[in-house]
Amino acid sequence: MTIENKTYPVHVRGDLSLPPSRLLWLVKWLLIIPHLIVVAFLGFASFVLTIIAFFAILFTGKYPKGIFDFNVGVLRWSWRVGFYSYSALGTDKYPPFSLDPDPNYPADLEIDYPEKLSRGLIFVKWLLAFPHWIIVWIFSAAGRVGLVTLLSIVNAVILLFTGNITGELFNIVIGMNRWSYRVFAYAFLMRDEYPPFRLDD
């Protein structure tokens with residue numbers, strides 16, 4: 001019996017940039033303010049478009065491609081800002097103000113476009129994702145200092161004193177972010193495949 005190894009259709013990339021600055025992370029909270037303002041507006045637009053996508057899926061079984069690409073772009077932008085700042089502290093390269101993929105930036109996100117989606121699942125995905133939401137809440141602590149931020153700052157303090165990032169800790173942080181974005185994509189109706197309970201690809 002052959003078991004086909006499939007990766008989940010949400011791809012979160014985060015390549016650690018070396019050497020990172022020992023001190024820049026102390027002021028990144030200030031540097032990301034312009035991005036946070038833009039992402040807040042984009043997030044609201046994404047929410048409204050997801051409601052439109054809900055009805056499109058209900059009547060046609062398809063997620064409108066233009067809305068899908070926009071929402072992927074919003075998640076991508078959010079991930080780049082998080083990777084630069086306190087969701088990973090993985091690079092000192094300032095994130096681009098763009099929804100588009102950028103192979104030259106050390107963080108990116110892609111979601112495979114589904115040709116067909118279940119009309120029934122759109123009513124229960126929020127409920128089915130509940131076990132994942134508990135885990136994501138632990139990772140993010142509902143917008144406060146969650147496990148992801150805490151581990152990123154621990155790594156930054158290690159960097160401050162040693163000049164090196166702990167790769168194992170960094171990989172765990174990336175895994176937690178990967179888990180969270182899979183859940184977002186599922187709950188935002190972008191995929192029907194239930195997210196795996198795992199950190200890796």
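The values are calculated or read from the model by the stated rules, or taken from the named source; none is laboratory data. Predicted model, so just to flag it, every value in this text is computed and none were measured. Here the Cβ positions follow ideal geometry from the backbone for every residue, glycine too, while neighbour counts run over all protein chains shown.
Under the condition of being surrounded by fewer than 12 Cβ atoms within 10 Å (Cβ to Cβ) and either within 19 Å of ALA88 (Cα to Cα) or in contact with a Cys (Cβ under 7 Å, 6 or more places away or on another chain) (or both), the residues counted in segment 35-63 number 0. Considering the conditions (1) more than 17 Å from GLY175 (Cβ to Cβ); (2) within 14 Å of the chain's Cα centre (by Cα), ASP108 is excluded by exactly one of them, (1).
Total residues in segment 80-92 satisfying the condition of being in contact with a His (Cβ under 9 Å, 6 or more places away or on another chain) and either in a helix (DSSP H, G or I) or surrounded by fewer than 20 Cβ atoms within 10 Å (Cβ to Cβ) (or both): the figure is 3. Contact annotation: residue pairs with Cβ atoms under 6 Å, 6 or more positions apart or on different chains, pairing a residue in segment 43-62 that is within 17 Å of ALA185 (Cα to Cα) with a partner that is assigned to a helix (DSSP H, G or I), are SER46/ASN71; SER46/VAL74; LEU49/ILE67; ALA53/ILE67; PHE54/ILE122; ILE57/ILE122.
Out of SER98, SER17, SER78, report the one residue that is at negative phi, in contact with a Phe, Trp or Tyr (Cβ under 8 Å, 6 or more places away or on another chain) and not charged (D, E, K, R). Unique residue meeting the criteria: SER98. Identify the single condition in (1) of a type in the set (A, V, I, L, M, F, W, C); (2) modelled with pLDDT of 95 or more; (3) within 18 Å of LEU159 (Cβ to Cβ) that LEU30 does not satisfy, given that it satisfies every other one. Every listed condition holds for LEU30 apart from (3).
Looking at segment 3-18, is at least one residue assigned to a helix (DSSP H, G or I), within 17 Å of the chain's Cα centre (by Cα) and surrounded by 14 or more Cβ atoms within 10 Å (Cβ to Cβ)? Before the answer, list the steps.
Of the residues in segment 3-18, the ones assigned to a helix (DSSP H, G or I) are none.
Looking for residues that are assigned to a helix (DSSP H, G or I), within 17 Å of the chain's Cα centre (by Cα) and surrounded by 14 or more Cβ atoms within 10 Å (Cβ to Cβ), one finds none in segment 3-18, hence no.
Among residues of segment 156-175 that are outside any helix (DSSP H, G or I), those with a beta-carbon under 9 Å from a residue that is of a type in the set (Gly, Ala, Ser) at least six positions away or on a different chain give the pairs ILE165/GLY90; ILE165/ALA156. Please work out if TYR194 is of a type in the set (Ser, Thr, Tyr) and either at pLDDT below 90 or touching a strand residue (DSSP E or B) at 6+ places or on another chain (Cβ under 6 Å) (or both). Answer is no for this residue.
Looking across segment 157-201, the residues that are crowded, with 22+ Cβ neighbours inside 10 Å and either more than 30 Å from ARG119 (Cα to Cα) or among the polar types (S, T, N, Q) (or both) come down to VAL173, ILE174, ASN177, SER180. Within the span defined as segment 93-110, every residue fails to be at pLDDT 95 or above, in a helix (DSSP H, G or I) and of a type outside the set (Ser, Thr, Tyr).
Evaluate segment 64-78: report whether one residue or more is part of a loop (DSSP other than H, G, I, E, B), over 15 Å from the mean Cα position of the chain (by Cα) and either at pLDDT 95 or above or surrounded by fewer than 15 Cβ atoms within 10 Å (Cβ to Cβ) (or both). Yes - at least one qualifying residue is present in segment 64-78.
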